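Enquirer: Supplied in structure tokens, the structure appears directly below.
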Amino acid sequence: MRPMILEIEGLHSFCGVQRIDFQALGETGLFGIFGPTGSGKSTVLDAVTFALYGRVRRVGGTQGIINTGLDFTRVKFVFELMKDGRRKTYWVERRY
């Protein structure tokens, strides 16, 4: 799987819409997720997990993932998969 775009809103500490363009980040073939404690590194991974599976296991469900200032969370994830030797683009959007 190759991540392309991730949009996060209302997940953990992210109130407003945050958009991550993995294509731009991965132009050199490699990127890292790093930053100080509390900067949202785990939230980025939680967003991908929530998009793909509809829950975030490490917080025990969906209720604990919504930002305390909002009454919803939304994640949109666009990614590519290789299938039959060709790249196919998929997207999933979840709102809770």
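The values are calculated or read from the model by the stated rules, or taken from the named source; none is laboratory data. Note that the coordinates shown come from a computational prediction; the quantities given were computed from them, not determined experimentally. All Cβ positions, even for glycine, are placed from backbone atoms using ideal geometry, and neighbour counts span all protein chains on display. SASA here: full protein model, heavy atoms, side chains in, ligands and nucleic acids out. Shrake-Rupley method; radii C 1.70, N 1.55, O 1.52, S 1.80 Å.
Enquirer: Considering region 66-96 alone, what residues qualify as being polar (S, T, N, Q) and either under 14 Å from the mean Cα position of the chain (by Cα) or modelled with pLDDT under 95 (or both)?
Expert: Of the residues in region 66-96, the ones polar (S, T, N, Q) are 67-68, 73, 89.
Hits for region 66-96 are Asn67, Thr68, Thr73.
Enquirer: Can I ask one more? How many of the residues making up region 62-96 are closer than 14 Å to Leu11 by Cα, out of contact with any Lys or Arg (no Cβ under 6 Å at 6 or more places or on another chain), open to solvent by less than 30 Å² (accessible area, probe 1.4 Å) and of a type in the set (A, V, I, L, M, F, W, C)?
Expert: Number of matching residues: 2.
Enquirer: Answer yes or no: is there a residue in region 28-38 that is without any contact (Cβ under 8 Å) to a residue 12 or more places away in the chain, surrounded by fewer than 17 Cβ atoms within 10 Å (Cβ to Cβ) and in a helix (DSSP H, G or I). Reasoning before the result, please.
Expert: To start, the set of residues in region 28-38 that are without any contact (Cβ under 8 Å) to a residue 12 or more places away in the chain comprises 28-32, 34-37.
Okay, now just the ones that are also surrounded by fewer than 17 Cβ atoms within 10 Å (Cβ to Cβ), so 28-32, 34-37.
So of that shortlist, the ones also in a helix (DSSP H, G or I) come out as none.
Within region 28-38 (the criterion being without any contact (Cβ under 8 Å) to a residue 12 or more places away in the chain, surrounded by fewer than 17 Cβ atoms within 10 Å (Cβ to Cβ) and in a helix (DSSP H, G or I)), the answer is no, since none of the residues qualifies.
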